Amino acid sequence: YSILELFHDKFKKEASKIGNCPSFPEKKVFGNTDPEFLSKRLNSLQSYFSTIFKSKEFSNLKVVKDWIYEIF
């Protein structure tokens with residue numbers, strides 16, 4: 001989750017030029033291993049990345065391309 005949060009921080013800076021940046025799923029200190037919370041977070045992360053990759057403007061940002069290259 002921390003790695004994804006770092007990506008979001010960089011993404012947010014670049015995406016602010018485009019506007020309407022998707023919100024990143026919440027972080028929880030207590031109860032963060034609860035299966036219901038984890039399921040909700042997973043769905044939120046899927047929605048977050050779907051929003052990014054479905055948008056031509058967001059998916060073409062350098063930070064997104066760099067992150068994908070780093071993963072693969």
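The values are calculated or read from the model by the stated rules, or taken from the named source; none is laboratory data. Note that the structure is predicted; figures quoted are calculated from it, not measured. Glycine also receives a Cβ, built like all others from the backbone with ideal geometry; neighbour counts cover every protein chain displayed. Quick note on the areas: whole protein, heavy atoms, side chains included, nothing else; ligands and nucleic acids left out. Shrake-Rupley method; radii C 1.70, N 1.55, O 1.52, S 1.80 Å.
A few notes on this one:
- Placing +1 on the Cβ of every Lys and Arg and -1 on the Cβ of every Asp and Glu, with no other charges, gives the chain a dipole of roughly 240 debye about its Cα centre.
- Long pairs among Lys40/Lys65; Lys17/Lys65; Lys13/Lys62; Lys13/Lys40; Lys28/Lys65, criterion Cα-Cα beyond 20 Å: Lys40/Lys65; Lys13/Lys40; Lys28/Lys65
- Evaluating 6.51 cos²θ - 1.76 cosθ + 1.60 at θ = phi - 60° for every residue in the range 52-60, the Karplus couplings come out as 5, 6, 7, 8, 4, 5, 5, 5, 8 Hz, glycine and proline recorded as x.
- Carbon plus sulfur fraction of accessible area for the chain, probe 1.4 Å, in percent: 56
- Per residue, the convex hull volume that the Cα atoms of the chain enclose (Å³): 92
- Eligible aspartates and glutamates near Lys12 by straight Cα distance, threshold 16 Å, same-chain separation 8 or greater: Glu26, Glu57, Asp66
- Between Tyr69 and Asn43, the FRET efficiency estimated from the beta carbon spacing at R0 = 30 angstrom works out to 0.70.
- Relative to the longest principal axis of the Cα atoms of the chain, the long axis of helix 62-71 lies at roughly 60 degrees.
- Extension reserve of the Tyr1-Phe53 stretch, reckoned as 0.36 nm per residue once the Cα distance is removed: 16.8 nm
- Among Tyr69, Tyr48, Tyr1, the sequence by solvent-accessible area, most first, with a 1.4 Å probe is Tyr69, Tyr1, Tyr48.
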